[in-house]
Structure formats: C-alpha cells, structure tokens
Amino acid sequence: MRNLSLQGYAIALLVAAKVGVTMAVADRYGWHRDELYYLASSRLAQPQDARLTQALIHTSVWCRRATVVSPGRVSPEDRNLRGGGTMYGRVIRTKGDPSKAEEAIKNWTSQILPLIKKQKGFLGASLMANRKAGEGMTVTYWETEQAMKTAREQVRPEAVKILATTGSGIVDDHECEVAVQERFQPPKANVWVRVTTIEGDPTKIDEGISRYKSSVVPFVKRQPGARAAILLVDRKGGVSFSGSIWDTEKDLQNSEAAAGSIRKEIADKIAAKSTRVEVFEVAYTEILTPTPAR
C-alpha cells in the first residue's frame, strides 16, 4: 500500500464508500461494476492502483451478492439477483390536438409527472411525442406489479383532467413486464425512438422475448447512433412493445430496412395478428437505475 499514488488512494476510498452505500440502497440504485473496471483500467491510474481497485471491486460485488452482466442492462434476472424481482412498466398511448402538442408536453412534465414520481416503487418515466399527429406514448417503470397498479389508482383521475385541458385523452393502456432493457448510452431527451407494437399469441410471448434478445438487441447494438433496445410485454393481452432508441432521426431511418426484415421474421415466428410501427421523439426521460455509456 506504501507505493500507491495519491490517485490510487482516492480510487480506493471511492470504491470503499461504494461498498457501504450499495449495501444500503442496492435494491434501488445500483452502480454498474463496469464503471469501476473503467477506473481500474484507465491510463490515468498507475498499474498498482488498478490491481487494488479491481480487488475492491470484487469485494463490493460480493457484499451486494449481485453483478450486472453488461453496462446499461437492467434485465429481470439482474433485478432478481438484487432482490427486486421483475421490473414492470405501464405503456399508455394518448391522442390530442396537434396544435396543442407543446402545451400538452409541458402539462405532462409539470403536473402529471410530479404525481407519478410521488408514488411508491417509481423507477422512471419516458414521454415520447409525435407532435405533427398529436400522438404521445408514456412508459413508467415500477419495482413491483402492485406498485404499478396502485399508482394508477392514485394518479389516473387527476391525469385525465390535466390531459383534457389540451383536448388529449388516453386511447390505450397496457400493464407490462420489462423483458429486456439494454441501454448502450445513458437515457436522455431529444433523441428518437421507433416503437413496434406486435399483437400475437400470448402463449408465444417467451419465444418472442428469446428472439428479441438473440436477434434484435445484437442488430441494434451494431448500428451507428443506437442508444437502447427495450422490450415490454403484456402477457395477458399477448401484446409486446419494442423500442429502439437513436441519436438522430436519420440514424433511425438508416436502420429501418434491416430492422424491417428482422421484425417480419419475429412476427411470423410468433404468429402475430397485427404489427404497428411508430416513430416518436423523446420529449422527456428519467430512469433512476444508473446506465453508464460505453
């Protein structure tokens, strides 16, 4: 320990603090192990610092009794290791007056979102908008299925009133499991998302999830400008929502031809009754679980 650089001591203290903090709040706010490996392998640190940091990393992970398999991944399996079980998401579609789109977005972020964030088990929210069509989609993330259901009872009555002030209303509502959440870059607003909604045989949901992981995620990850690949499934309704997120609208458009081929293949395999593809801009997003960029 005598030969450690000053920076090495700083890293050691950081990781040691991480151990204590993570043990207290790991069920809700988990640092990714890869962040610490980045520190350990950084050219700014001395070799001996790296060895110490890596040793402390493993101590931190052992104390948590959980690991994260890749940067940005928040899968149901990961949450089970952390004692959190499957993550849930409510997917809502809205329709309103296109001329009042900006006002509707402002009302959602300033009035509806604070109500949502007050609810127990809240893990995040995203608002997506097609301003020209006056269409919107929100996804809220929850620790448990019960938290998701209880939040609806607490928020929905007031939210409906707020939406109505701009001529907007809810046209679709699904309670889902978050089957896949691969984030290659941190969540942020003013990026683009392609949402594919597939209605199919409820008994083939698991096959669809498997194919999404093996085909869609690797494809999206390889494309320029890709930020995330997310899949939510409504098992009771046999409906799945696939969202691929992109830096720019151009990045999204460039990926469409190849994405369309994969989409058709999966739809055929799971006997899809209908497939709907929509493009939105992300007007707001906040995900509480940290997802570092690669």
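The values are calculated or read from the model by the stated rules, or taken from the named source; none is laboratory data. Nothing here was measured: the structure is a model prediction, and the numbers come from that model. Don't worry about glycine lacking a Cβ; one is built from the backbone with ideal geometry, like all the others, and counts go over all protein chains shown.
From MET148, MET137, which residue is among the aliphatic types (A, V, I, L, M), crowded, with 19+ Cβ neighbours inside 10 Å and under 19 Å from GLU278 (Cα atoms)? After ruling out the rest, the residue left standing is MET137.
The set of residues in segment 145-193 being assigned to a helix (DSSP H, G or I), among the acidic types (Asp, Glu) and within 16 Å of the chain's Cα centre (by Cα) is empty. Scanning segment 112-149 for residues that are in contact with a helix residue (DSSP H, G or I) (Cβ under 6 Å, 6 or more places away or on another chain) and more than 25 Å from LYS95 (Cβ to Cβ) yields LYS120, GLY121. The residue of segment 109-134 that is surrounded by the fewest Cβ atoms within 10 Å (Cβ to Cβ), among those that are out of contact with any Phe, Trp or Tyr (no Cβ under 8 Å at 6 or more places or on another chain), not in a loop (DSSP other than H, G, I, E, B) and not polar (S, T, N, Q), is PRO114.
Inspect segment 165-184 for any residue being of a type in the set (Ser, Thr, Tyr) and touching a Phe, Trp or Tyr at 6+ places or on another chain (Cβ under 7 Å) and give the result as yes or no. Checked segment 165-184: no residue is of a type in the set (Ser, Thr, Tyr) and touching a Phe, Trp or Tyr at 6+ places or on another chain (Cβ under 7 Å).
Only one entry in GLU249, GLU286, GLU278 is exposed (fewer than 15 other Cβ atoms within 10 Å of the Cβ) and of a type in the set (Asp, Glu), namely GLU249.
Rundown of residues vs (1) among the hydrophobic types (A, V, I, L, M, F, W, C); (2) over 19 Å from MET87 (Cα atoms), yes/no style:
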site	(1), (2)
THR196	no, yes
GLY200	no, yes
VAL217	yes, no
LEU232	yes, no
LYS236	no, no
GLY243	no, no
SER261	no, yes
ILE270	yes, yes
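In segment 198-213, the condition of being in a helix (DSSP H, G or I), surrounded by 15 or more Cβ atoms within 10 Å (Cβ to Cβ) and among the aromatic types (Phe, Trp, Tyr) is met by at least one residue.
Whenever a residue of segment 177-188 is touching a residue at least 24 places away in the same chain (Cβ under 8 Å) and closer than 16 Å to ILE205 by Cβ, its partners that are outside any loop (DSSP other than H, G, I, E, B) and basic (Lys, Arg), lying with C-beta atoms within less than 7 angstrom and at least six residues away or across chains, give the pairs VAL180/LYS213.
Restricting VAL216, VAL180, VAL191 to residues that are assigned by TED's automatic domain parsing to the domain that holds VAL277, closer than 20 Å to ARG93 by Cα and surrounded by 17 or more Cβ atoms within 10 Å (Cβ to Cβ) narrows the list to VAL191. Which condition number does GLN223 fail, the rest of (1) modelled with pLDDT of 95 or more; (2) under 24 Å from LEU113 (Cα atoms); (3) polar (S, T, N, Q) being met? Failed condition: (2).
Looking for something surrounded by 15 or more Cβ atoms within 10 Å (Cβ to Cβ), small (Gly, Ala, Ser), in the same structural domain as GLU102 (by TED's automatic domain parsing) and in a loop (DSSP other than H, G, I, E, B) - is there at least one such residue anywhere in segment 256-273? Yes, some residue in segment 256-273 is surrounded by 15 or more Cβ atoms within 10 Å (Cβ to Cβ), small (Gly, Ala, Ser), in the same structural domain as GLU102 (by TED's automatic domain parsing) and in a loop (DSSP other than H, G, I, E, B). Checking each residue in segment 119-143 for being touching a residue at least 60 places away in the same chain (Cβ under 8 Å) and of a type in the set (Ser, Thr, Tyr) picks out SER126, TYR141.
SER215 satisfies every condition listed in (1) touching a Leu at 6+ places or on another chain (Cβ under 7 Å); (2) over 22 Å from ALA129 (Cβ atoms) except (1).
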